[in-house]
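The values are calculated or read from the model by the stated rules, or taken from the named source; none is laboratory data. This structure is a prediction, so every number in the text was calculated from the model and none was measured. Ideal geometry is used to build each Cβ from the backbone, glycine not excepted, and the neighbour counts take in all protein chains shown.
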Amino acid sequence: EDCPICLETIKHVNCMTVRRLFCCGGVTCKQCGDERNKDTEEGLGDKFRGRCPLCRGKMPREGDIGSMLLKHANKGRAWAQAYVGTWYLRGMSGFALDKEKGLQFIKQAADQRWPDALFEMAMAHRGETLERDESKYMYYLKEAANLGHPDA
C-alpha cells in the first residue's frame, strides 16, 4: 500500500508503520502522520486547517474518537475492531474494562487476518487474558509474524 500523501510504499501495514485517520479510516505513512500532527506552522496540520488530508472531513476531537471507532468496528472494519478490542481489554481511551467484549472485537479482527489483532490473540492465549494455550499462542503469533507484525 502506498501513502496517499508522499506516495512512498508502506510495507507491512500495522499500528507501528501507519497513522490512522479515524474520521474516514484512511492511513498515511508514519512520517506523514507525524508531520501532520506537529503543532508548528509549517506542519501539514496547519496546511489542512484541522481537516483530514484524505476525506477533508473535520478531524475528530479526542472525545469523539471512541464513538467513531465503534462505528467503523460495527461495520466490520478489522483495524477498528482491533483498536476497540484492545481498548476494552485494557480499559483505556474512554472504554470501560471489559475483557470479554474486548476479546470479541479482537477475535473478529483476527478472523480477518489483521496483524495487530492476531498478535493480541497470541498474547491473550499466552495466559495474559485467557487460560494459557501454547498451540493457539504459537498459531496466532506465527500468523502475525507472517503478516509482518514487528513484535511477533
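For the reader, a short list of remarks on this structure follows.
- Checked against the criterion of being assigned to a helix (DSSP H, G or I), more than 19 Å from M16 (Cβ to Cβ) and among the polar types (S, T, N, Q), the range 117-135 has at least one qualifying residue.
- The single condition among (1) within 19 Å of V27 (Cα to Cα); (2) touching a helix residue (DSSP H, G or I) at 6+ places or on another chain (Cβ under 6 Å) that L130 does not satisfy is (1).
- Exclusive hit being surrounded by 18 or more Cβ atoms within 10 Å (Cβ to Cβ) and either closer than 30 Å to I5 by Cα or touching a residue at least 40 places away in the same chain (Cβ under 8 Å) (or both), set G76, G33: G33
- Within the option set K99, K107, being surrounded by 13 or more Cβ atoms within 10 Å (Cβ to Cβ) and either free of Cβ contacts under 8 Å to residues at least 24 places away in the same chain or in the same structural domain as I10 (by TED's automatic domain parsing) (or both) holds for one residue only, K107.
- Residues in the range 65-92 that are of a type in the set (G, A, S) and either touching a Gly at 6+ places or on another chain (Cβ under 7 Å) or under 18 Å from R19 (Cβ atoms) (or both): G66, A78, A80, A82, G85.
- For the range 45-65, filtered to residues that are over 24 Å from G94 (Cα atoms) and surrounded by 17 or more Cβ atoms within 10 Å (Cβ to Cβ), the residue that is modelled with the lowest pLDDT is G45.
- Residue selected from the range 67-116 under the condition acidic (D, E) and not in a loop (DSSP other than H, G, I, E, B), by the criterion nearest to A144 (Cα to Cα): D116
- Where a residue in the range 3-14 is modelled with pLDDT of 90 or more and crowded, with 16+ Cβ neighbours inside 10 Å and its partner, wherever it lies, is of a type in the set (A, V, I, L, M) and in a loop (DSSP other than H, G, I, E, B), with Cβ under 9 Å and at least six apart: C3/I10; I5/L54
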